[in-house]
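J.: Before we start, here is the structure in question, set down as structure tokens.
Laboratory data are not the source of any read-out in this text; all were calculated from the coordinates shown. Source: prediction; values computed, not measured. Because the Cβ atoms are built from the backbone with ideal geometry, glycine has one as well, and the counts that use them run over all protein chains shown.
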Amino acid sequence: MPSFSQLCVDASIVVRLVTVEATNPTQAIWSHWRNEGYLLVAPRLLRYEVTNALHQIRRVGELSDRSARAALRVALDQPIEFYDDEELHPRALDLSSRLNRPATYDSHYLALAEHLGIEFWTLDERLYNSVRHQLPWVHLLGTTS
């Protein structure tokens with residue numbers, strides 16, 4: 001069994017999970033996490049970010065209205081435990097300042113993972129590259145570091 005029984009995931013992973021063919025690496029790691037019994041967690045913000053990302057993908061014509069709605073249903077049905085802890089906001093603000101982040105959205109995921117003492121996984125290379133040296137528990141999906 002892995003050293004962490006919970007993992008924090010961000011919207012980038014869920015969006016890729018529901019918009020790319022089932023044979024993609026994101027689907028494989030998602031299935032692995034599920035089969036290994038990991039509890040996947042995220043701030044409630046994930047639901048809003050996924051909805052917005054699907055809207056943006058639809059706007060540029062990469063998804064039809066029907067496909068975007070279907071992808072949203074699948075995304076919202078994923079077995080993720082959502083946190084809406086008021087204490088995440090001040091910590092996200094602090095982390096954003098310390099890490100020189102342009103916005104606090106990503107920092108909410110970091111604050112949650114830090115609070116729970118668990119790994120955080122993302123597909124956002126800019127986020128990963130900007131924090132990986134200071135936060136070794138942040139991982140980019142598709143890398144081994």
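J.: Show the residues, 5+ positions off or on another chain, whose built amide H is closer than 5 Å to the amide H of E119.
T.: When sequence neighbours closer than 5 places are left aside, the close amide H contacts are C8.
J.: What does the highest-first list of 5-11, 25-31 look like by mean Cβ count within 10 Å?
T.: Per-residue Cβ counts within 10 Å, averaged per peptide and sorted highest first, yield 5-11, 25-31.
J.: Determine the sum of side-chain charges near A11: Lys and Arg each +1, Asp and Glu each -1, restricted to other residues whose C-beta is under 11 angstrom from that of A11.
T.: Charge balance near A11 sits at -2.
J.: Can you give the local net charge around Y38? Use residues other than it whose beta-carbon is closer than 12 angstrom to its beta-carbon, Lys and Arg +1, Asp and Glu -1.
T.: -2
J.: Report relative contact order for the range 23-145 in percent, whole number only (criteria: Cα-Cα under 8 Å, sequence separation at least 6).
T.: 20 percent
J.: How many angstrom lie between the C-alpha centres of the range 32-64 and the range 101-145?
T.: Between the Cα centre of the range 32-64 and that of the range 101-145, the gap is 16 Å.
J.: Given the rule -39500 (n - 2.57) for each run of at least 4 DSSP H residues, summed and divided by the residues of the chain, what is its mean residue ellipticity at 222 nm, to the nearest 500 deg cm²/dmol?
T.: -16000 deg cm²/dmol
J.: Of V41, L112, S31, which is farthest along the charge dipole of the range 2-145 in the positive direction, counting Lys and Arg as +1 and Asp and Glu as -1 at C-beta?
T.: The one lying farthest along the dipole's positive direction is S31.
J.: If you don't mind, another one. Mind putting a number on the dipole of the range 1-78 about its Cα centre? Charges go on the C-beta only, +1 for Lys and Arg and -1 for Asp and Glu, and I need it in Debye to the nearest 20.
T.: The calculation lands at about 260 debye.
J.: Still on this structure, I have one more. For a quick check: with amide H placed at 1.01 Å from N, whose amide H comes under 5 Å from L141's, ignoring anything fewer than 5 positions away on the same chain?
T.: Residues meeting the amide H criterion: T122, L123.
J.: Let me ask another. Given labels modelled 7 Å from the Cα in the Cβ direction, how far is it in nm from N52 to V20?
T.: It is 2.2 nm.
J.: Can you run phi through the Karplus equation (6.51, -1.76, 1.60; θ = phi - 60°) for the range 117-134 and list ³J(HN,Hα) in whole Hz, with x for Gly and Pro?
T.: Each residue of the range 117-134 in turn: x, 10, 6, 10, 10, 8, 10, 7, 5, 5, 4, 4, 5, 7, 10, 4, 6, 9 Hz.
J.: Taking 2.2 N^0.38 Å as the expected size of a compact globular protein, what ratio does the Cα radius of gyration of the range 6-140 give against it, to two decimals?
T.: So the range 6-140 has a normalised radius of gyration of 1.04.
J.: Quick check on packing: order 106-112, 14-20 by the mean number of other C-beta atoms within 10 Å, highest mean leading.
T.: 106-112, 14-20
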